[in-house]
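Trainee: Mind looking over this structure? Questions follow.
The values are calculated or read from the model by the stated rules, or taken from the named source; none is laboratory data. Source: prediction; values computed, not measured. So basically every Cβ, Gly included, is an ideal-geometry build from the backbone, and we count neighbours across all protein chains shown. In case anyone asks, the SASA skips ligands and DNA or RNA and just uses the protein heavy atoms, side chains included. Shrake-Rupley method; radii C 1.70, N 1.55, O 1.52, S 1.80 Å.
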Amino acid sequence: MHGRPRKAPKPEDLAASAAKAEKLRILQSQFLLNHHQKIFTKEALELSSKLLEINPECYTAWNYRKLAVQHSLLESNLDPDSVNSILDQELRVVENALRQNFKSYGAWYHRKWVLNKGHSSTENELRLLDKLQNVDPRNFHAWNYRRFVAALLNRSDEDELNHTQDFIDKNFSNYSAWHNRSVLVSNLMKKKVQAFSRKDEVLIREYELVREAVFTDEDDQSGWFYHRWLLDQTVKAESPLLASSWPAHGSEITLSGDRYLDLGSSSPFNTYQFDSGSLPLILYFNQAVEGVNTSTVTVSSGFNVTKDVIWKPILSNNSKTTQVWVGQLKFPEVELDSLGGYTMEVTLGHSQGIISSSGFHYSHPSHFSFTVHVQPAKTEPVEGLGSEKISWRDENFHIYEPDSLESNSVLPLDHLSIKNEREPTDSSWQAKIIDEEISNFRELLDCKIGKLTLARLLTARDALMSSEKPVHSEEVLRLYSELMKLDPPHSRFYKDEHSLVLLEKVIYGRESLLSYCFRYRNLTSSSSSNPICLRLNGLSLSRLGSFEKLLWVQMLDLSHNELQSIEVGSEWDGNETVTDGVSLVSYWEAFFILRGLKLTQIDIAGNAIADEKFTAFLAKVMPALKWLDGVQLN
């Protein structure tokens, strides 16, 4: 069992282990000879069953028995009595192996394989499971197998839920029973079975049940895990939605037609260097989706660009689904007048094809637009953004004033959220449920997991108020700070959560964001063309998030934080897997966004992650990057 100290073995135990190992070696040698020569005699099968009784984790032996069963079934001419006899024997072999090791993956998988052959005695399986689960009620293998058998028998989810409830009533501390309950409740709500058709009523009942468990024994974590699952169900939107985009709705983007940039009076938030001939279009969804392509996302303008957009998933974790998708908009290679502009119209959700990882279709048609101005090429090179070294000293920056006329250029940052033609349903029932839970769990602040749950509830409550300023962020930050002191072994986790909440608070709205936006004083170019720097330095951040609100960033200061690792789960092209001995999959979950926005200067000094390998990574994925920590890159 977990947590129990190991005792030194006695001499007689060591001798018994040595004898068992010698017997096992002899059996394995004889078995492998039979396997290689495809010998399926009665003696050979008995030898394999003896081997599996001693070592149920011998996967080769289970595969051998599958071959032997198939061989025997062919010889039986599919006579029903012979088939049942062969399969009954296999079930006995599995049962003997399970007596040796109740948690043997190979044994359980083999038993499933036998039943999938159409064996008729599935009713016996439930009786066997009752015996096994009385011995070990929390064994997840048995619970998983029970779901498999119940499906074969077409047992109703309601009957299985009652069975699960019996185990929870006997002992609240049963992780597997709570997990099985989450599977069954999900199925019943999806099917809208009677008494499970209204999600709010179902969740209220489930909260009452699990609350009894956690208040009975607050130190047992099984109920807490189920409570966390309920919270996810409460706040999670079933259908995927477009949360934000870059460029933002209503924004105007200025493209420089060459490598030299003369911004003039345009907003530095909305200027993009156009030496690559394309502009990144970034879609950020509220949950991971697949199916983003030219059929499901329409991009139109004065010239047809939809067919030329190639969409790529970001942060896909080796799957086809991701929250962030990036497409490159190609523009005609002609001399364009910067006074004119192209209105880009982006539409999605009017045809099916975008699907969430949980199987729900994108069903809220969305539309946003932005204007692109393209500057003609300059005959003379003009020193511009990124050409000069910036000294990252506080005295070299001056802050934006929220009431200044200059700060009006930040307006598009408030428009990152996308308006959907069909808004989601009212969330008042969600707020009511979470408010009730917040009230209850304020009584459990004397335990660590109670504090953690309260922090999650408060964060979820703020998330429901998407159009309002978060009101609980200070209390959530205080709770995570207390947890770091109370629970040092898990302080890194609490620190990461603290960082995410702090960053969300910093960049939530225009007023708070402006206090971290600076202009650099000493560039030789005109004041209006000086770049805006988002300075997130010295905030003790250990993790980065809220990327949907940072899609505009072009110049970034992350110095003197506590970043140790920023991981990415993207699928990479073969030529992007390794560069100079640096594995790109080891770093930065936002690299594609930053690369697309052409960062020219960034400061990461004072972080544990800032080493030579990370520098090489940045140089690889950000070809426009000229200065890193004040050092010019080649």
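Trainee: State, to one decimal in nm, how far the label point of Gln352 lies from the label point of Asn84, with both points 7 Å from Cα in the Cβ direction.
Mentor: So the two model labels end up 4.4 nm from each other.
Trainee: Could you sort out which of Lys112/Lys170; Lys432/Lys469; Lys50/Lys103; Lys432/Lys505; Lys131/Lys170; Lys10/Lys131 sit more than 21 Å apart by Cα distance in this structure?
Mentor: Lys112/Lys170; Lys432/Lys505; Lys10/Lys131
Trainee: What is the packing order of peptides 341-347, 104-110, taking the mean over residues of other C-beta atoms within 10 Å and listing the highest first? Write down the numbers at each step before the final one.
Mentor: Values: 341-347: 18.0, 104-110: 19.6.
Packing order, densest peptide first, comes out as 104-110, 341-347.
Trainee: On to the next question. Once you place label points 7 Å from the Cα toward the Cβ at Leu14 and Ser369, how far apart are they in nm?
Mentor: Those two pseudo-labels are separated by 8.3 nm.
Trainee: Which stretch or stretches of the stretch 64-105 have amide N atoms under 15 Å from the point lying 7 Å from Lys23's Cα along the Cα→Cβ direction?
Mentor: Once the point is set 7 Å along Cα→Cβ of Lys23, 97, 100-101 turn out to lie under 15 Å by backbone N, inside the stretch 64-105.
Trainee: Would any residue of the stretch 117-137 have its amide N under 19 Å from a label point 7 Å out along Cα→Cβ of Asp166? List them or say none.
Mentor: 122-137
Trainee: Would you kindly state how much longer the chain becomes between Asp217 and Ser295 on full extension, computed as 0.36 nm times their sequence separation minus their alpha carbon distance, in nm to one decimal?
Mentor: Values: separation 78, 0.36 × 78 = 28.08 nm, distance 5.31 nm.
Difference between extended and current length: 22.8 nm.
Trainee: Amide H of Met344 versus every other amide H placed in the peptide plane: which residues, excluding those fewer than 5 positions away on the same chain, fall under 5 Å?
Mentor: HN-HN under 5 Å from Met344: Phe370, Thr371, Val372.
Trainee: Run the numbers for Leu464 and Ser439: contour at 0.36 nm per residue of separation, minus the present Cα-Cα distance, in nm. Let's see the in-between values first.
Mentor: Values: separation 25, 0.36 × 25 = 9.00 nm, distance 1.69 nm.
Extra length from Leu464 to Ser439 when fully extended: 7.3 nm.
Trainee: Now, a different point. Place the peptides 201-212, 45-56 in order of packing, highest mean first, counting for every residue the other Cβ atoms within 10 Å and averaging per peptide. Walk me through the numbers before you get to the answer.
Mentor: Working: 201-212: 16.4, 45-56: 19.4.
With the highest mean Cβ count within 10 Å placed first, the list reads 45-56, 201-212.
Trainee: Also: Of the accessible area of the stretch 432-525, with the probe set at 1.4 angstrom, what percent is carbon plus sulfur?
Mentor: Result for the stretch 432-525: 52 percent of the exposed heavy-atom area is carbon or sulfur.
Trainee: Compute the separation of the alpha-carbon centres of the stretch 426-474 and the stretch 147-174 and state it in Å as a whole number.
Mentor: 31
Trainee: Under 19 Å Cα-Cα from Lys620, which lysines qualify once same-chain neighbours fewer than 8 residues away are excluded?
Mentor: Lys312, Lys598
Trainee: Next up: Using 0.36 nm per residue, how much length does the chain from Leu153 to His490 gain when fully extended, once their Cα-Cα distance is taken away? Numbers along the way, then the final one.
Mentor: On the way: separation 337, 0.36 × 337 = 121.32 nm, distance 4.39 nm.
Gain on extension, Leu153 to His490, equals 116.9 nm.
Trainee: Given points 7 Å out from each Cα along the Cα-Cβ axis, report the Ile39 to Phe225 separation in nanometres with one decimal.
Mentor: Between Ile39 and Phe225, the label points sit 4.6 nm apart.
Trainee: So how do 282-293, 168-179 stack up, highest first, on mean other-Cβ count within 10 Å? Walk me through the numbers on the way to the answer.
Mentor: Numbers: 282-293: 20.9, 168-179: 18.2.
Ranked from most to least packed, the peptides come out as 282-293, 168-179.
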